[in-house]
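Just below is one structure, and these are the notes that go with it.
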Amino acid sequence: MTYTVYDDIITIKLIQEACKVLGVSMEAILKLFGEYFFKFCKMSGYDRMLRTLGGNLTEFIENLDALHSYLALSYQEMNAPSFRVEKGADGKMLLHYYSDRSGLCHIVPGIIEAVAKDFFDIDVTMDILDMSKEEERTGKKEHVVFLVVQKPHRQMRRAKPNRLQDNQDIQRNQEVLEAAFLRMKEKYLSVSVCPVKKSHWEIVRSIVMFGKGHLVNTFVPVYPERLWIEQKTFCSAFPFHIVFDESLRVKQAGVNIQKYVPGLQTQKIQLDEYFSIIHPQVTFNIFSICKFINSQFVLKARRERMPEARKSQPALKLRGQMLWMESMRCMLYMCSPKLRSLQELEECKMHLSDIAPHDTTRDLILLNQQRLAEIELSNQLERKKEELRVLSKHLAIEKKKTETLLYAMLPKHVANQLKEGKKVAAGEFKTCTILFSDVVTFTNICAACQPIQIVKMLNSMYSKFDRLTSVHEVYKVETIGDAYMVVGGVPVPIGSHAQRVANFALGMRISAKEVMNPITGEPIQIRVGIHTGPVLAGVVGDKMPRYCLFGDTVNTASRMESHGLPDKVHLSPTAYSALENQGFEIIERGEIEVKGKGKMTTYFLIRNLHASEDEIMGRPQSLRDRKEASAQGSQDSRTVAIMRYEHSELRSPRSDKADGEYIDHHTPPSTVVHGGRIAGFRCVVHAFELKCAGRTKAGHEATTGASRQRHG
């Protein structure tokens, strides 16, 4: 968030992690960050503001503190560093960096080098001369001295001499530069900086030889012989200014600063008795002030020294520039009230008329009032954007849940068409394989158990069956009571539909042995019937639409189940033909009388000759798969290893030409519950209710038999 203050600990942690990922040092990361931060500031709208800070690199750095002071109006909790420049010759200078935030000094070379190259078209090299901790008023303060060597960028791109001579020159220049660097460092460390006794230029001359450099302008100003302004006019024209000597005794003050700090009218008072330095955070003496002479100073009036009428008001803050007058051995503090908005102006009982007309503080207050309102609006918009992003993320999660539930009711491509408001055309499938199953002696179990026991038993059994639909990629049509219906080749036609349903049936038989009869405590037994043939599939109904299968194939598959034997997989002749020579062991049952069909020669599916039990059940084979299974949870309910089948050519279902739509063959098979709500299954539910009331098995068989006769 733009206006949120983040702790430096977070920054350091990010840098440390970046060092691990990139395999580079922390100093390199910080320098790269400095380069990027400069680009980021330009992209954020500060490009023009940065370009106008100074006409050369030295002026740019000297005005950075003023820029930070301005930005502090908007970013109140900003803890910016301070910079001090000692000018040198031959494109050299000393840059003093002060900060309360340790460990971030290596950002500075990245920023300064990027600024020099972008704004002033020069290359800069920066080396650390000294690094120390200084005791200041607020405690430890990091002080780093950089040696900045500049060389015009264009001179480095002149006509290239021969490569050998060029390499020799580079090596010679490097040796000279290193020798100069060592001399500079020795001289700097041996010099005692005392601005009271020596001027800044004298200190600089003792370190480097003064000469023509890129930091020196050729313009020479002209000064008058005497100052043509009266004392009274000066104090009125500059109503907020203070002149004090080396011992901080006040010599002169502007008229309005006397008005709001009446103690300044007293002769020979100490400035530090009435004011404290807020920025830069240094000790209030002439030595520290001279050291930060290029910084913007913020002074705060001491409340205990104010008149009683003003003690309840916010303390007056002044912001301005310190100017050392060598001939008079005094310091001039040219300042203005530090106010951020009209509200602060009113709280201090001040008016715009108290500020000199030439003072831009007037405009700053008015402009900043508008800027603060824009910042608050921007902050609110940013927070709303973040809230919307979080809500959008949650919405996507909930949408996924809703879609999962929807796809559990209808095939995916069907559900998508219905969501778009389209009619789903009925499709004819020339061949598919349908499976029915039920529980043997389900009537007796219902009569002897509580309904909740039946629900738990069926839930356990159907959960295992549902998992197998994912393993073999068959389509679950419906479960009603103890009946379970599955189809292969619908809604996505595929040539291996019969093998998939057959393997699914073998898996059902194995899974049923893991479900216990609540009466006897022994595994339950199921009957399974399979038939292969054509069907018509489509969506029926507007309210709670269901995906249904129609045709005699459905009826014949139901007959195979009802005429089957316990723990057997009963096959019709067409199902046997589809599975013949496909690697399955099948035995002939013989000719039987099938109700509504007459005599039929049927078969029993025994086993798959080429697949193990683990493959049929979709259990993980490798050690890695088993670890993943244990990490995910129960094998039966979560882990699914899809059994591989030979790729078969997909067959397209025919659809009604009047509708002009075809089922999407590229939709992956779904493993969820779908609709074919058939009349016979309604009777099974009704029969289940009657069984709980004490109906006999014979009555149940009669009921379900009549329903299956109407089935399809």
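The values are calculated or read from the model by the stated rules, or taken from the named source; none is laboratory data. None of the values given here were measured: they were computed from a predicted structure. Backbone-built Cβ (ideal geometry, glycine too); neighbour counts: all protein chains shown. These area figures cover heavy atoms from the full protein model, side chains too; ligands, DNA and RNA do not enter into them. Shrake-Rupley method; radii C 1.70, N 1.55, O 1.52, S 1.80 Å.
Some values worked out for this structure:
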read-out: Anisotropy class of the stretch 282-385 from Cα gyration tensor, a/c 1.5 cut; value: prolate
read-out: Taking the stretch 421-542 and dividing mean pair separation by its residue count, relative contact order in percent (alpha carbons under 8 Å, at least six apart); value: 45 percent
read-out: Inter-probe distance in nm under a simple model that places probes 7 Å from Cα toward Cβ, at Ser327 and Val390; value: 6.5 nm
read-out: Approximate spin-label separation Thr520-His351, in nm, with each point projected 7 Å along Cα-to-Cβ; value: 10.6 nm
read-out: Heavy-atom surface of the stretch 272-364, accessible at 1.4 Å and reported per residue (Å²); value: 47 Å²
read-out: Estimated FRET transfer efficiency when R0 is 56 angstrom, pair Gln453-Leu609 (beta carbons, to 0.05); value: 0.90
read-out: Three-way shape label, the stretch 22-151, alpha-carbon gyration tensor, a/c 1.5; value: rounded
read-out: Fraction of accessible area attributable to carbon and sulfur, the stretch 81-134 (%, probe 1.4 Å); value: 47 percent
read-out: Carbon + sulfur, % of accessible area of the stretch 211-359 - ligands and nucleic acids excluded, 1.4 Å; value: 54 percent
read-out: For Gly110, net neighbour charge (Lys/Arg +1, Asp/Glu -1) across residues whose Cβ lies under 9 Å away; value: -1
read-out: Whole-Hz couplings from phi, Karplus 6.51/-1.76/1.60, listed for the stretch 36-44; x for Gly and Pro; value: 5, 4, 4, 5, 4, 4, 5, 5, 8
read-out: Qualifying GluC sites (Glu not before Pro) in the stretch 16-71, DSSP loop, other Cβ atoms within 10 Å at most 16; value: none
read-out: Net length gained if the chain between Thr402 and Leu32 were fully extended (0.36 nm per residue, minus Cα distance); value: 128.6 nm
read-out: Potential extension, Gln270-Glu420 segment - 0.36 nm per residue separation minus Cα distance; value: 45.8 nm
read-out: Cβ-Cβ FRET estimate between Tyr6 and Asp542, R0 fixed at 51 Å, reported to 0.05; value: 0.40
read-out: Restraint check, Lys141/Lys251; Lys422/Lys543; Lys13/Lys141; Lys13/Lys39; Lys42/Lys317; Lys31/Lys393, Cα-Cα greater than 25 Å; value: Lys141/Lys251; Lys42/Lys317; Lys31/Lys393
